[in-house]
Amino acid sequence: MRVLGIETSCDETGVALYDSERGLLAHTLFSQVAMHAEFGGVVPELASRDHVRKLVPLIRKVFDMAEVPFGEVDGVVYTAGPGLIGALMVGASVARSLAWTWDVPALGVHHMEGHLLAPMLEDRPPRFPFVALLVSGGHTMLVDVQGVGQYRILGESLDDAAGEAFDKTAKMMGLPYPGGPMLSKLADQGKPGVFEFPRPMVDRPGMDFSFSGLKTAVRLKVAEHAVDETVPEEVMADIACGFQEAVIDTMVIKCRRALKETGHRALVIAGGVSANRRLREKLAAMAEERHCKLFYPRLEFCTDNGAMIAYAGCQRLLAGQRSDLGIEVRARWPL
Ligand code: KG4
Ligand code: ZN
């Protein structure tokens, strides 16, 4: 089965062709980061309009890249949520219209399921069952994954998502947009242990997270070290490092608990924050200690992309899932 996958839930227009026999045929992406940078964050209306401009040319391009005649697919799948409602509508409308004209099924995919299954696109994919840590700009979840569509939420963030905590803290520290990767870069130049921040909720049982208190702790630390309203670069790097270590240690502790509770021997990390080098390092060490294996997508498939949606949607279509003709999208949607 060959499917076209479309991702437009936020600020990336991602398109891919996936073949259940041959694997990923081609994928392409346009990031709106430069456009939103001017505003210090994603402007939903601008995001929708840019998806309108970019989506159809990218679809043509992906067929060319794969050397597949335009429209020769068995299905069209698209992100139906969660995400920005206007942005989702663009992808859903285009996907449904193409599926109608090509006379093939269309199916809406859960964005986080796309992230969760992204490591399946790698040469050595994880085998079910596994524990998945999903860490993006909008979600932080630990999931017991028994198979495609068989998900049990073990824990999630009670307030800010991990990526959101990175982004908000970065903004507060005056770092340029997009904050998360910038903060992590700065943290890599700092020294661990100079500033210790709390590891939220690790003293409580369970696998939920809470990150919103950390940004306040960072704000107070920045204010404490400001001289004439500026903080020396070196101190900023040490603060960033302390923050990153606190977020990562919390995630490592909860992942260890999840592996222990489920007895699974594989841990998957996915979503934008799984691009974080230090997180991968620390989780790999913990996994090794427990004789477990760590899996993650290649860097370009950690953040939003069309390939993960094409893969997840293809699995759903292969399982026989179909939907009616309505164009439905959801800003919020539990996994
Ligand atoms: O999965 P994604 O592209 O979009 C959502 O579904 O939200 O994730 C984006 C998030 C942003 O919050 C971004 O700051 C964060 O992932 N992120 C990082 C890194 N790269 C991206 N956070 C920490 N370290 C990174 N290297
Ligand atoms: Zn995402």
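Is it the case that E164 is of a type outside the set (S, T, Y), open to solvent by less than 60 Å² (accessible area, probe 1.4 Å) and within 16 Å of ligand 2 (Cβ to nearest atom)?
Numbers: of a type outside the set (S, T, Y): yes; open to solvent by less than 60 Å² (accessible area, probe 1.4 Å): yes; within 16 Å of ligand 2 (Cβ to nearest atom): yes.
Criteria met by E164.
Of these, R60, R127, R53, which one is in contact with a strand residue (DSSP E or B) (Cβ under 8 Å, 6 or more places away or on another chain) and among the basic types (K, R)?
Numbers: R60 fails: in contact with a strand residue (DSSP E or B) (Cβ under 8 Å, 6 or more places away or on another chain); R53 fails: in contact with a strand residue (DSSP E or B) (Cβ under 8 Å, 6 or more places away or on another chain).
So the residue among R60, R127, R53 that is in contact with a strand residue (DSSP E or B) (Cβ under 8 Å, 6 or more places away or on another chain) and among the basic types (K, R) is R127.
Among the listed residues G190, G179, G174, which satisfies the condition of being of a type in the set (G, A, S), within 12 Å of ligand 1 (Cβ to nearest atom) and more than 14 Å from V247 (Cα to Cα)?
Details: G190 fails: within 12 Å of ligand 1 (Cβ to nearest atom); G174 fails: within 12 Å of ligand 1 (Cβ to nearest atom).
Selected residue: G179, the only one of G190, G179, G174 that is of a type in the set (G, A, S), within 12 Å of ligand 1 (Cβ to nearest atom) and more than 14 Å from V247 (Cα to Cα).
Working carefully through the options K61, K54, find the one that is open to solvent by 30 Å² or more (accessible area, probe 1.4 Å), part of a helix (DSSP H, G or I), charged (D, E, K, R) and under 25 Å from E122 (Cβ atoms). Spell out how you get there, then give the answer.
On the way: K54 fails: under 25 Å from E122 (Cβ atoms).
Checking each option against the conditions leaves just K61.
Which residues, taken from the stretch 91-103, are without any contact (Cβ under 8 Å) to a residue 60 or more places away in the chain and under 30 Å from A132 (Cβ atoms)? Quick ask: steps written out before the conclusion?
Residues of the stretch 91-103 without any contact (Cβ under 8 Å) to a residue 60 or more places away in the chain: 97, 99, 101-103.
Within the stretch 91-103, just A99 meets the criteria.
Just to be sure I understand, how many residues within the stretch 12-38 are part of a loop (DSSP other than H, G, I, E, B) and in contact (Cβ under 8 Å) with a residue 40 or more places away in the chain? Walk me through how you get there before you give the answer.
Let us first name the residues in the stretch 12-38 that are part of a loop (DSSP other than H, G, I, E, B), namely 20-22, 32, 38.
Keeping just the survivors that are in contact (Cβ under 8 Å) with a residue 40 or more places away in the chain gives 20.
Total meeting the criteria: 1.
If I filter the stretch 91-107 for residues that are touching a Lys or Arg at 6+ places or on another chain (Cβ under 8 Å), modelled with pLDDT of 95 or more, within 16 Å of ligand 1 (Cβ to nearest atom) and under 19 Å from Y311 (Cβ atoms), do I get at least one hit? I'd like the intermediate steps shown before the answer.
Initially, the stretch 91-107 is screened for residues touching a Lys or Arg at 6+ places or on another chain (Cβ under 8 Å), giving 105-107.
So of that shortlist, the ones also modelled with pLDDT of 95 or more come out as 105-107.
So of that shortlist, the ones also within 16 Å of ligand 1 (Cβ to nearest atom) come out as none.
No: the stretch 91-107 contains no residue that is touching a Lys or Arg at 6+ places or on another chain (Cβ under 8 Å), modelled with pLDDT of 95 or more, within 16 Å of ligand 1 (Cβ to nearest atom) and under 19 Å from Y311 (Cβ atoms).
Within the stretch 84-101, does at least one residue satisfy the condition of being open to solvent by 10 Å² or more (accessible area, probe 1.4 Å) and within 18 Å of the chain's Cα centre (by Cα)? Give the steps one after another, and end with the answer.
The initial filter retains those residues of the stretch 84-101 that are open to solvent by 10 Å² or more (accessible area, probe 1.4 Å), namely 84-86, 89-90, 93-94, 96-98, 100-101.
From what is left, the residues that are within 18 Å of the chain's Cα centre (by Cα) are 84-85.
Yes, that holds for at least one residue.
Have a look at C292, C302 and point out the one that is in contact with a Lys or Arg (Cβ under 6 Å, 6 or more places away or on another chain) and either open to solvent by less than 30 Å² (accessible area, probe 1.4 Å) or within 22 Å of V148 (Cβ to Cβ) (or both).
Residue meeting the stated conditions: C292.
So, in the stretch 305-322, how many residues would count as being away from ligand 2 (no atom under 15 Å from the Cβ) and either among the aromatic types (F, W, Y) or open to solvent by 10 Å² or more (accessible area, probe 1.4 Å) (or both)?
7
Is there a residue being open to solvent by 50 Å² or more (accessible area, probe 1.4 Å) and away from ligand 2 (no atom under 16 Å from the Cβ) anywhere in the stretch 237-249?
Of the stretch 237-249, the ones open to solvent by 50 Å² or more (accessible area, probe 1.4 Å) are none.
No, the stretch 237-249 contains no residue that is open to solvent by 50 Å² or more (accessible area, probe 1.4 Å) and away from ligand 2 (no atom under 16 Å from the Cβ).
Scan the stretch 176-183 and tell me whether some residue there is touching a residue at least 60 places away in the same chain (Cβ under 8 Å), in a loop (DSSP other than H, G, I, E, B) and within 16 Å of ligand 2 (Cβ to nearest atom).
Of the residues in the stretch 176-183, the ones touching a residue at least 60 places away in the same chain (Cβ under 8 Å) are 176-178, 180-181, 183.
Retained after the next criterion (residues that are in a loop (DSSP other than H, G, I, E, B)): 176-178.
Subsequent filtering for residues that are within 16 Å of ligand 2 (Cβ to nearest atom) retains 178.
Yes: the stretch 176-183 contains one or more residues that are touching a residue at least 60 places away in the same chain (Cβ under 8 Å), in a loop (DSSP other than H, G, I, E, B) and within 16 Å of ligand 2 (Cβ to nearest atom).
Can you tell me which of E196, E156 is open to solvent by 20 Å² or more (accessible area, probe 1.4 Å), touching a residue at least 24 places away in the same chain (Cβ under 8 Å) and more than 16 Å from ligand 2 (Cβ to nearest atom)?
Numbers: E156 fails: more than 16 Å from ligand 2 (Cβ to nearest atom).
The conditions single out E196.
Just the residues that are out of contact with any strand residue (DSSP E or B) (no Cβ under 6 Å at 6 or more places or on another chain) and open to solvent by 10 Å² or more (accessible area, probe 1.4 Å), please, taken from the stretch 269-289.
G272, A275, N276, R277, R278, R280, E281, K282, A285, E288, E289
Could you run through the stretch 142-158 and say how many residues are over 16 Å from F295 (Cα atoms) and assigned to a strand (DSSP E or B)? Give the steps one after another, and end with the answer.
Just the residues of the stretch 142-158 that are over 16 Å from F295 (Cα atoms), to begin with: 148-158.
Checking the rest, the ones that are also assigned to a strand (DSSP E or B) come to 150-157.
Qualifying residue count, the stretch 142-158: 8.
Between R22, R49, which is within 30 Å of T169 (Cβ to Cβ), over 19 Å from the mean Cα position of the chain (by Cα) and open to solvent by 50 Å² or more (accessible area, probe 1.4 Å)?
R49
The values are calculated or read from the model by the stated rules, or taken from the named source; none is laboratory data. Nothing here was measured: the structure is a model prediction, and the numbers come from that model. Cβ sites come from the backbone with ideal geometry, for glycine too, and all protein chains shown count toward neighbours. Heavy atoms of the whole protein, side chains included, go into the accessibility calculation; ligands, DNA and RNA do not. Shrake-Rupley method; radii C 1.70, N 1.55, O 1.52, S 1.80 Å.
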